[in-house]
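Working notes, beginning with the structure itself.
The values are calculated or read from the model by the stated rules, or taken from the named source; none is laboratory data. Note that this is a predicted model, so its numbers are computed, not measured. Please note: Cβ atoms are built from the backbone with ideal geometry, for glycine as well, and neighbour counts cover all protein chains shown. We work out accessible area using only protein heavy atoms, side chains counted, and drop any ligands, DNA or RNA first. Shrake-Rupley method; radii C 1.70, N 1.55, O 1.52, S 1.80 Å.
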Amino acid sequence: LPGSPLPNHFPGAMDAGDGLTAEQLRARIEEQRALQATLTAQGEDALREIGEAEERQRLRRQLDVEETRSSHLGAVLYSRQRRRRSIDRDEAGALPSEESTFAKPKPQPTPGALAKTTTSYASNVVKRDFVWEVSGLSWLEQQLAQEGRECTSSDIFHVHPNDSDSKYVLVYSPRGASLLHADANVCDESSDWDIYKFRDFLFFDENLRGTLALVRGADSFGTNLCYRFFVRDARGDFRPWGEARRVAVPARDHVACFVGGPDLETEAKGLFGLTFEELLGSEWVVDDSITFKVEVEESVVFSHPSAVPQIRLGKADVTFEQKTPSVEVPPSTLQADLLSL
């Protein structure tokens with residue numbers, strides 16, 4: 001209609017400039033153009049930073065590959081050094097033959113002796129019992145909270161005297177929580193031996209959860225283990241928690257710890273299924289202390305698959321058994337003797 005205002009198809013579109021003079025509007029336009037220039041520059045910076053982030057990610061993956069290769073080469077080197085030590089101890093390599101002057105004299109069979117070859121797979125098995133007491137048990141959770149961890153650990157103990165890697169710790173978590181008993185970075189950088197010495201016992205899955213666990217020091221070699229856990233009762237007797245478990249720990253191309261425990265693979269945690277509160281009032285706690293024992297049998301493997309053509313662990317020996325001479329019993333002559341009378 002004549003005189004009617006034009007319809008506003010964009011309500012509020014001009015609100016920002018309402019009441020402004022031409023000079024003010026020009027200034028606002030320049031401000032927006034400056035803002036656009038800034039946003040464009042920031043957008044270009046963000047795009048560049050995305051490219052840099054992608055490059056860093058690519059380099060991290062490349063570093064992962066190189067670290068894996070280095071770990072493998074380190075395992076190979078360690079295997080060869082360990083084999084050298086085994087050769088120096090005459091546990092491997094060119095051992096004295098039966099014909100050698102220094103060899104043990106070959107047993108000589110006697111007439112009628114039975115030769116027997118025995119292949120033993122238990123000649124290298126070593127057994128060790130380790131007892132660990134945790135006192136002040138009712139204060140343990142609060143003290144661990146101050147330490148920033150959910151478990152405590154025993155001192156290091158050794159099982160096989162000829163293997164420097166046959167070393168272990170026990171770890172106890174009152175709530176069946178994390179078994180990471182120390183910070184790996186702190187251990188690596190510490191000049192305190194009492195802290196640094198635990199660095200080899202942290203190479204395992206950080207998601208592992210359990211109440212009591214046996215941790216073997218990090219190694220790339222295989223080993224064979226049989227272990228069982230015990231807890232001392234109020235009478236002073238050690239009662240087993242769980243069955244004995246025998247495992248073959250395989251060799252690896254990287255160092256890692258073996259970890260075993262009664263409730264690592266069960267959903268329910270707790271010593272004999274008890275909550276920590278129930279445990280504190282049970283027969284297993286005496287004078288605010290609890291005592292654990294672990295029995296460990298180990299047959300270490302001194303060779304690594306990457307360093308030797310094949311691994312054979314049986315030890316053969318030849319013995320001679322003397323056959324008991326047979327006694328001939330003559331036929332009875334009783335009837336003939338009676339007839340001759």
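What nm distance separates the two modelled labels at Gln81 and Glu66, each placed 7 Å from Cα along Cα→Cβ?
Distance between the two pseudo-spin positions: 2.2 nm.
Tell me the label-point distance for the pair Asp18, Asp155, using the 7 Å Cα-to-Cβ offset, in nm and rounded to one decimal.
With each label point 7 Å from Cα toward Cβ, the separation is 8.4 nm.
What distance in nm lies between label points placed 7 Å from Cα along the C-beta direction at Val126 and Val247?
If labels sit at Val126 and Val247, their model points lie 2.0 nm apart.
Packing-wise, with mean Cβ within 10 Å as the measure, how do 116-122, 293-299 rank, highest first? Walk me through the numbers on the way to the answer.
Values: 116-122: 10.3, 293-299: 19.1.
Ranking the peptides 116-122, 293-299 by packing returns 293-299, 116-122.
Show me 136-148, 271-283, 196-208, 36-48 ranked by packing, highest mean number of other Cβ atoms within 10 Å first. Provide the component values of the computation, followed by the final result.
On the way: 136-148: 12.1, 271-283: 14.8, 196-208: 16.8, 36-48: 10.0.
Descending packing order for the listed peptides: 196-208, 271-283, 136-148, 36-48.
Evaluate E = 1/(1 + (r/R0)^6) for Ser191 and Ala268, where r is the Cβ-Cβ distance and R0 equals 56 Å; express this FRET efficiency to the nearest 0.05.
Details: r = 42 Å, r/R0 = 0.75.
Computed FRET efficiency for Ser191 and Ala268: 0.85.
Which residues does a label at Ser135 reach in region 273-287, if reach means a backbone N under 13 Å from a point 7 Å past the Cα toward the Cβ?
Answer for region 273-287: 286-287.
State the extension gain, in nm to one decimal, for the chain segment bounded by Leu114 and Leu39, taking 0.36 nm per residue of separation less the distance between their alpha-carbons. Each step should come with its number before you reach the end.
On the way: separation 75, 0.36 × 75 = 27.00 nm, distance 9.60 nm.
Computed gain between Leu114 and Leu39 is 17.4 nm.
Give me the percent of the accessible area of region 192-260 that comes from carbon and sulfur atoms, probe 1.4 Å, all protein chains in place.
Heavy-atom surface of region 192-260 belonging to carbon and sulfur, 1.4 Å probe: 48 percent.
Over region 270-322, what percent of the accessible surface lies on carbon and sulfur atoms, probe 1.4 Å? Mind showing how you got there, number by number?
Details: 1360 of 2750 Å².
C and S fraction of accessible area: 50 percent.
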